[in-house]
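The values are calculated or read from the model by the stated rules, or taken from the named source; none is laboratory data. Quantities reported herein were computed from a predicted structural model and do not represent experimental measurements. Neighbour counts are summed over all protein chains in view; Cβ atoms, including those assigned to glycine, are modelled from backbone coordinates with ideal geometry.
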Amino acid sequence: MPITISARQNVFLRTCLIAAIYFAISEFGGIWGWRALYPIRLFVTFLHEFGHGFGTIISGGSIEYIQIDPNAGGLTLSLGGVRPITIMGGYIGSALFGNILFYIGAARPKWVKPTLVVVIAIMLVTGFIWTNSIFTTLVMVVFSALLFLIGFKTKFGRDALMLIGLASIIYILQDTHIGPSSDLRAMETEMRFIPAKLWMYIWLAIALGLLAFNLRMLFRREKKTIERIKKPLN
C-alpha cells in the first residue's frame, strides 16, 4: 500500500516522457524545434566525433583534433589506429555512449556524479587539447559548466543523463541514412566486399540491439528491486 508507483513504473514513465517530448519537438516543432534541440545535436555530434577518436585510441592510434561545427557537423583527425574501427567508432560509439549515460541516469543514481565528472573531464580535454577550433572549445566549456551546475547544484543530475543519453540514441536512430554518408562510404572503401547500404543496416541493427539490451537489463534490475522491497511485507 505505501508504494503507489513502483520504481519500474517510474523509470518507464520518465523514459516515455523524455522520448515523447523529444519526438514532439523534433517532428512537429519546425524551425523552433530545431533550435530547441540544437544543443542536443551539438552533444550528439560530440559523442560521434569522440567515438571516432576513441576507436582510434583503442586500436593503437592517437587523436590529432576533434572539431564541432556551428551547423552541428563535425570532423575528427586521427593518426594511426585501425581505420575500420576508427570509422565505426563514430556511429557505434555514440550509440554505446548514449546507452551508458541513459542507463546510469535511470538505474545507478550513485554513479551519476562520478559519470558527470568523467564526461566533463573528457569535454574539457577535447575543448582545450584535442581541438583547433574556438567554437569547439566554447561548446565544450558551456556544456561542462551546464552539466556541473545541473549535476552538483540541483537534484536533476539523473534526469540530465537520461535526457542526453536517450536523446542521443533517438537522434541517431532517426537518421534515415544511419550515420553520415561519408562514414558509410569510407567503410565501403575500406571493406570493399561489403557495400555502404549493407553497413547502414549493420550499424542500425547494432544500435537497436544495444538499446534493447539496455532496456532489458534496466527493467530486469528494477523488477529485482521491487521484489526485494515487497518480500519483507509478505
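Checking each residue in region 98-113 for being aromatic (Phe, Trp, Tyr), touching a residue at least 24 places away in the same chain (Cβ under 8 Å) and out of contact with any Ser or Thr (no Cβ under 9 Å at 6 or more places or on another chain) picks out only TYR103. Residue check: is TYR103 outside any helix (DSSP H, G or I), aromatic (Phe, Trp, Tyr) and within 30 Å of PHE128 (Cβ to Cβ)? Considered against the rule, which asks whether it is outside any helix (DSSP H, G or I), aromatic (Phe, Trp, Tyr) and within 30 Å of PHE128 (Cβ to Cβ), TYR103 comes out as no.
When residues of region 65-117 are filtered for being surrounded by fewer than 18 Cβ atoms within 10 Å (Cβ to Cβ) and polar (S, T, N, Q), how many remain? Here the count works out to 1. Residues in region 199-222 that are surrounded by 13 or more Cβ atoms within 10 Å (Cβ to Cβ) and charged (D, E, K, R) were compared, and the one that is modelled with the highest pLDDT is ARG221. Just one of (1) in contact with a helix residue (DSSP H, G or I) (Cβ under 9 Å, 6 or more places away or on another chain); (2) of a type in the set (Phe, Trp, Tyr); (3) modelled with pLDDT under 95 fails for PHE193. It is (1). Checked against the criterion of being loosely packed, with under 15 Cβ neighbours inside 10 Å and closer than 22 Å to LEU147 by Cβ, region 37-56 has at least one qualifying residue. Among the residues of region 132-151, those that are more than 15 Å from VAL117 (Cα to Cα) and assigned to a helix (DSSP H, G or I) comprise ILE134, PHE135, THR136, THR137, LEU138, VAL139. Taken together, the residues in region 65-85 that are part of a strand (DSSP E or B) and in contact (Cβ under 8 Å) with a residue 40 or more places away in the chain amount to 4.
Set side by side, the residues LYS155, LYS110 differ, and just one is part of a loop (DSSP other than H, G, I, E, B) and more than 16 Å from THR45 (Cα to Cα), which is LYS155.
Kindly provide the set of residues from region 22-36 that are over 16 Å from ALA72 (Cα atoms) and assigned to a helix (DSSP H, G or I), ordered by number. Give the derivation first.
First pass over region 22-36, keeping only residues over 16 Å from ALA72 (Cα atoms): 22-25, 27-30.
Result: TYR22, PHE23, ALA24, ILE25, GLU27, PHE28, GLY30.
If you filter region 118-165 down to residues that are among the polar types (S, T, N, Q) and touching a residue at least 60 places away in the same chain (Cβ under 8 Å), you find that the one that is farthest from TYR22 (Cα to Cα) is ASN132. Where the second residue is loosely packed, with under 15 Cβ neighbours inside 10 Å and not in a helix (DSSP H, G or I) and the first is modelled with pLDDT of 75 or more and lies in region 6-25, which pairs have Cβ atoms under 8 Å and are six or more apart or on separate chains? Between residues of region 6-25 that are modelled with pLDDT of 75 or more and residues that are loosely packed, with under 15 Cβ neighbours inside 10 Å and not in a helix (DSSP H, G or I), the close pairs are LEU13/ILE5.
Considering only residues in region 160-177 that are under 20 Å from GLY55 (Cβ atoms) and crowded, with 21+ Cβ neighbours inside 10 Å, the one that is modelled with the highest pLDDT turns out to be GLY165.
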